[in-house]
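Comments concern the structure below.
Please treat every number below as a calculation from the coordinates, not as lab data. Bear in mind the structure is a predicted one, so any value in this text is a computation, not a measurement. Cβ atoms come from the backbone with ideal geometry, glycine included; neighbour counts cover every protein chain shown.
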Amino acid sequence: MNIGWIDTIGVDPAYQKKGMARMLMQEMLNYMKKVGVDTVYSLVNWRDWILLQFFDAMGFKRGDMINLEFTIKD
């Protein structure tokens, strides 16, 4: 399996709501496919409904991995 990660995607506020994020994501996915990636992962805050809707609209589904977190205290 060849894996790609999407760490950050952002659009300048002046260009939001104009399809730019969708275009950027599609270009990124097309490039990943071209270089042999067959599975793409990203981490999204469970409470970020807008971003979750965006990834859902792009065809992403909930994966099998679970994010684990540990806070180091002084």
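Among the numbered conditions (1) in a loop (DSSP other than H, G, I, E, B); (2) touching a residue at least 24 places away in the same chain (Cβ under 8 Å), tell me where R22 comes up short.
(1)
Sort out which residues of region 31-49 are hydroxyl-bearing (S, T, Y) and either assigned to a loop (DSSP other than H, G, I, E, B) or surrounded by fewer than 13 Cβ atoms within 10 Å (Cβ to Cβ) (or both), and write them in order of number. Don't jump to the end; show me each part of the working.
Restricting attention to region 31-49, the residues satisfying the condition of being hydroxyl-bearing (S, T, Y) are 31, 39, 41-42.
The answer is Y31, T39, Y41.
Just one of (1) within 14 Å of the chain's Cα centre (by Cα); (2) surrounded by fewer than 10 Cβ atoms within 10 Å (Cβ to Cβ); (3) among the hydroxyl-bearing types (S, T, Y) trips up T71, so point out which.
The number of the failed condition is (1).
Mind checking whether some residue in region 59-71 is on the phi < 0 side of the Ramachandran plot, part of a strand (DSSP E or B) and not polar (S, T, N, Q)? Quick ask: steps written out before the conclusion?
To start, the set of residues in region 59-71 that are on the phi < 0 side of the Ramachandran plot comprises 60-71.
Filter again for part of a strand (DSSP E or B), leaving none.
Within region 59-71, not a single residue is on the phi < 0 side of the Ramachandran plot, part of a strand (DSSP E or B) and not polar (S, T, N, Q).
When both residues are 6+ apart or on different chains and their Cβ atoms are under 6 Å apart, which pairs have a first residue that lies in region 41-62 and is closer than 20 Å to M1 by Cβ, and a second that is assigned to a strand (DSSP E or B)?
Y41/W5; S42/I6
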